Amino acid sequence: MATRAKKTPAASARGKTSSTIKAPKPAEFSKDDELLAYREMLMIRRFEEKAGQLYGMGFIGGFCHLYIGQEAVVTGMQMAAKEGDQVITGYRDHGHMLAAGMESRGVMAELTGRQGGYSKGKGGSMHMFSKEKNFYGGHGIVGAQVSLGTGIAFGNKYRENGAVTMTYFGDGAANQGQVYESFNMASLWKLPVVYVIENNRYAMGTSVSRASAETDFSHRGTSFLIPGFQVDGMDVRAVKAAGELALEHARSGKGPIIVEMQTYRYRGHSMSDPAKYRSKDEVQKMRSEHDPIEQVKARILEKGYADEAELKAIDKEVRDIVSDAAEFAQTDPEPDASELYTDILH
Amino acid sequence: MPVDILMPALSPTMEEGNLAKWLVKEGDNVSSGDVIAEIETDKATMEVEAVDEGVIGKILIDEGAEGVKVNTPIAVLLQEGESADDIGKSAPPSGDPHGERSADGAAGEGTATDGNAVEDMDARRVPAEGKVHPEPSAPDVGSDPDIPDGTEMVPTTVREALRDAMAEEMRADETVFVMGEEVAEYQGAYKVTQGLLDEFGPKRVVDTPITEHGFAGVGVGAAMSGLRPIVEFMTFNFAMQAIDQIINSAAKTLYMSGGQMGAPMVFRGASGAAARVAAQHSQDYAAWYSHVPGLKVVMPYTAADAKGLLKAAIRDPNPVIFLENEILYGQTFDVPKLDDFVLPIGKARIHRSGSDCTIVSFGIGMTYAIKAAEELAGAGIECEVIDLRTIRPMDLPTVIESVKKTGRLVTVEEGFPQSSVGDFIANRVQREAFDYLDAPVVTIAGKDVPMPYAANLEKLALPNVGEVVDAVKTVTYAS
């Protein structure tokens with residue numbers, strides 16, 4: 001991953017159009033930044049591990065797509081975002097919700113289909129929302145969130161509220177037609193939207209090279225004069241710097257921008273995916289050499305921002321929050337039968 | 001032999017127009033392609049080109065004449081060696097006897113001059129044999145209890161009523177905007193958004209690229225963020241590209257979010273058959289969208305209903321599918337002159353009272369129902385005609401009350417027969433009013449075929465008044 005990220009400046013330089021932007025250097029992280037990133041990413045990791053357990057125990061049903069491995073992407077972006085900026089994503093959405101500040105209890109209880117879930121148990125893993133936290137879902141149709149996010153950005157421009165919509169989608173969704181319809185309108189109308197393409201190398205079981213003619217997703221906006229660049233999505237500092245640049249670009253009225261986050265998911269596509277399409281070595285190599293949490297942890301220890309004991313304390317705090325969420329999600333009642341017919345129409 | 005230059009039809013369904021200006025005078029030489037006159041319809045000014053060469057022998061219709069019927073001779077073209085004395089010996093025009101644009105162009109053919117070409121199919125459907133059904137300019141639509149007695153009524157086309165509804169709501173609410181293909185600078189492919197750009201500007205009247213899936217999603221996103229978009233589809237046929245966003249995003253978000261956010265918006269545009277536009281441009285979506293929880297589906301017939309219900313739809317906090325009809329756009333009805341005329345969504349209107357048989361219809365289906373009821377009244381059978389106006393939520397109580405009174409039910413719609421709106425009504429009526437039924441319910445729909453192009457086949461594919469009359473006679477055992 002590091003080697004791929006290194007080629008980014010070169011890849012940018014080869015572009016002939018104005019749609020090329022050089023990826024910024026990774027952000028300088030203070031002690032507070034490092035500790036915040038560590039805690040946030042750890043929260044997502046532990047939450048997802050717990051969700052996997054609860055799925056195995058039968059508490060979570062249906063589809064469940066875990067974000068493990070990709071934590072640096074939403075964490076870094078959220079560190080760069082401003083109050084009022086919106087987030088919308090696809091179905092691998094648990095990490096985005098936690099990063100947006102949604103309560104782990106409410107998210108976990110939605111996964112278990114309980115009344116205390118964000119959608120009262122009626123949405124499930126793939127369909128959760130929080131108006132309060134500016135989180136617009138949680139969408140189960142691959143690529144649909146791209147048009148929707150573009151529409152939310154349309155609303156920002158219409159109201160001149162200064163907000164930017166971070167629209168996340170994967171390397172798989174990047175091949176959907178409506179993505180390009182949206183790119184065209186966003187660029188035409190100079191909408192404040194950042195398209196965050198989370199390239200985790202596999203669209204379900206199909207590797208990028210087997211599905212995409214152009215595998216450099218930062219170039220996918222070229223026909224629409226949307227600039228883009230690639231980022232090491234395993235390095236939260238690189239993500240934060242990219243997010244700051246991209247959000248500023250969109251906020252300043254220059255229109256949309258694409259950030260390709262080169263990342264990796266450790267788990268299968270969903271709980272039922274044994275991931276036979278890649279080698280165990282590939283996964284192991286990524287985990288041991290590029291894990292986003294381990295990278296932060298190593299820096300914290302190296303710079304003496306915290307010692308092992310202090311990190312363990314953070315670990316325990318996070319585990320306690322996740323355990324509490326899991327406990328709540330298992331004991332909270334299912335929605336009342338009367339909820340069947342509510343929220344269909346206002 | 002001198003050739004008559006005929007008043008051309010500038011759209012498939014144009015019947016008449018104004019002769020705005022002659023650009024030639026008697027005695028002028030013209031070649032084919034020369035612009036000889038300008039003709040105005042209610043939407044556009046069009047140039048008439050000569051398609052033959054010769055000398056303008058005589059101008060038969062003066063500049064400024066209004067309401068000149070299609071195929072009326074407007075001038076005489078003299079050919080080589082002829083003089084004005086030969087006029088009167090004109091060759092029969094080569095114009096299309098069916099009142100439609102002739103392939104060989106008669107003597108004049110239109111081209112757009114002002115960018116406002118005729119996408120519109122505004123006038124009435126031209127039947128295969130070319131005789132337009134005489135329609136009253138302001139059909140009697142029955143009284144509406146939602147309109148106070150004594151209200152002044154203004155003859156208004158459905159097109160104008162829809163435009164007025166949007167303009168009024170846009171004046172009242174800054175978050176309302178309209179987006180779609182050709183809605184702004186072109187003034188609407190069917191001229192429904194005419195004038196809105198001038199009043200509200202490009203921020204609120206937004207021309208989109210031809211990108212239905214994308215702009216439907218953009219509209220839903222804007223609605224989720226709190227705006228109130230009116231998304232115009234040039235026709236709902238093209239919304240097939242966008243149906244995922246309409247159903248998966250707009251209709252389901254309120255439920256999936258546990259009531260936190262939804263899509264307060266209107267998807268509107270023409271649905272159903274126009275005239276001679278064949279299978280891909282002629283589909284009626286009433287039954288399709290009526291299937292989906294989380295949507296409201298409105299399909300007005302009259303201009304008053306179009307206005308009052310569109311205003312209600314724009315204010316509604318839910319996604320509303322508003323199905324218009326190209327043929328109805330140009331029809332004129334009385335619209336009440338009220339400052340804020342809003343009708344309730346989900347309420348049917350009894351168009352005509354009667355005790356012998358209930359006919360339920362909506363949208364353009366009402367034209368068949370009304371004519372059949374008039375014809376049947378002449379035969380002593382009094383039909384109660386109910387205009388549903390809203391397909392979802394459906395005003396079944398009004399239908400069931402009527403069936404309890406008449407004991408008979410015929411439904412009329414232009415959509416496909418299987419799983420039709422009529423099928424749903426029949427099912428509910430047999431469940432809730434079985435003991436009152438004196439005959440099986442008959443559902444009349446379009447035929448179970450893609451819409452054909454040929455005029456005769458198109459006519460066969462649509463319902464007709466005779467079918468409705470026969471059905472009523474069958475269920476009343478009158479035949």
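Across region A:330-345, a minimum of one residue is classified as assigned to a loop (DSSP other than H, G, I, E, B), more than 14 Å from chain B (Cβ to nearest Cβ) and farther than 30 Å from B:I247 by Cβ. Screening region B:225-250 for residues that are β-branched (V, I, T) and surrounded by fewer than 24 Cβ atoms within 10 Å (Cβ to Cβ) and picking the one that is farthest from the other protein chains (Cβ to nearest Cβ) gives B:I243.
Of all residues in region A:149-173, those being over 17 Å from A:F129 (Cβ atoms), in contact with an Asp or Glu (Cβ under 6 Å, 6 or more places away or on another chain) and of a type in the set (A, V, I, L, M) number 1. When you look at B:D42, is it at pLDDT below 85, farther than 25 Å from B:I87 by Cα and either acidic (D, E) or in the same structural domain as B:E326 (by TED's automatic domain parsing) (or both), yes or no? Answer is yes for this residue.
Table: residues versus (1) away from chain A (no Cβ under 14 Å); (2) more than 30 Å from A:K131 (Cα to Cα); (3) within 18 Å of the chain's Cα centre (by Cα).
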residue: B:G259; (1), (2), (3): no, no, no
residue: B:A279; (1), (2), (3): yes, yes, yes
residue: B:Q283; (1), (2), (3): yes, yes, yes
residue: B:W288; (1), (2), (3): yes, yes, no
residue: B:V292; (1), (2), (3): no, no, no
residue: B:P300; (1), (2), (3): yes, yes, yes
residue: B:N325; (1), (2), (3): yes, yes, yes
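Annotation note: of B:V320, B:V335, B:V360, the sole residue that is within 14 Å of another protein chain (Cβ to nearest Cβ) and surrounded by 24 or more Cβ atoms within 10 Å (Cβ to Cβ) is B:V320.
Any residue that is more than 7 Å from chain B (Cβ to nearest Cβ), surrounded by fewer than 22 Cβ atoms within 10 Å (Cβ to Cβ) and charged (D, E, K, R) - is there at least one of those in region A:161-181? No. Looking only at residues of region A:129-160 that are of a type in the set (A, V, I, L, M) and at the interface with chain B (Cβ under 7 Å from one of its Cβ atoms), we find that the one that is farthest from B:R228 (Cα to Cα) is A:I141. Would you check if there is a residue in region B:337-354 being more than 23 Å from the chain's Cα centre (by Cα), more than 28 Å from B:D316 (Cβ to Cβ) and not acidic (D, E)? Yes. Would you pick out the residues in region A:289-336 that are under 26 Å from A:G56 (Cα atoms) and either hydrophobic (A, V, I, L, M, F, W, C) or modelled with pLDDT under 95 (or both)? Selection gives A:I293, A:V318, A:I321, A:V322, A:A325, A:A326, A:F328, A:A329. Does any residue of region B:153-160 turn out to be in contact with a Pro (Cβ under 7 Å, 6 or more places away or on another chain) and at pLDDT below 95? No, that holds for no residue.
Close Cβ contacts (under 8 Å, 6 or more residues apart or on different chains) running from residues in region A:334-346 that are loosely packed, with under 11 Cβ neighbours inside 10 Å to residues that are part of a loop (DSSP other than H, G, I, E, B) comprise A:H346/B:G262; A:H346/B:P264; A:H346/B:D316; A:H346/B:P317; A:H346/B:N318.
The condition of being surrounded by fewer than 24 Cβ atoms within 10 Å (Cβ to Cβ) and not hydrophobic (A, V, I, L, M, F, W, C) holds for B:G354. Here A:M126 fulfils each of the conditions (1) touching a strand residue (DSSP E or B) at 6+ places or on another chain (Cβ under 9 Å); (2) under 25 Å from B:V178 (Cα atoms); (3) more than 8 Å from chain B (Cβ to nearest Cβ) apart from (2). A:R299 meets each of the listed conditions (1) in a helix (DSSP H, G or I); (2) in contact (Cβ under 8 Å) with a residue 12 or more places away in the chain; (3) over 18 Å from the mean Cα position of the chain (by Cα); (4) under 30 Å from A:S209 (Cα atoms) apart from (4). Within region A:139-196, the set of residues being under 23 Å from A:V208 (Cα atoms) and aromatic (F, W, Y) comprises A:Y168, A:F169, A:Y180, A:F183, A:Y195.
Among the candidates B:E182, B:E199, the residue that is on the phi > 0 side of the Ramachandran plot, at pLDDT 95 or above and away from every other protein chain (no Cβ under 12 Å) is uniquely B:E182.
So the check is Cβ under 8 Å with 6+ separation or different chains; which pairs have a first residue in region B:459-479 that's in contact (Cβ under 8 Å) with a residue 12 or more places away in the chain and a second one that's surrounded by fewer than 17 Cβ atoms within 10 Å (Cβ to Cβ) and of a type in the set (S, T, Y)? What qualifies is B:K473/B:S479.
Yes/no matrix, rows are residues, columns are (1) of a type in the set (S, T, N, Q); (2) in a loop (DSSP other than H, G, I, E, B); (3) under 13 Å from B:P2 (Cβ atoms):
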| residue | (1), (2), (3) |
| --- | --- |
| B:S32 | yes, yes, no |
| B:A37 | no, no, no |
| B:D42 | no, yes, no |
| B:G64 | no, yes, no |
| B:I74 | no, no, no |
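All conditions in (1) at pLDDT 95 or above; (2) farther than 21 Å from A:A37 by Cβ hold for A:V283, with the sole exception of (1).
The values are calculated or read from the model by the stated rules, or taken from the named source; none is laboratory data. Remember, it's a predicted structure, so these values are computed and weren't measured experimentally. Every residue, glycine as well, gets a Cβ built from its backbone with ideal geometry; the counts of neighbours run over all protein chains shown.
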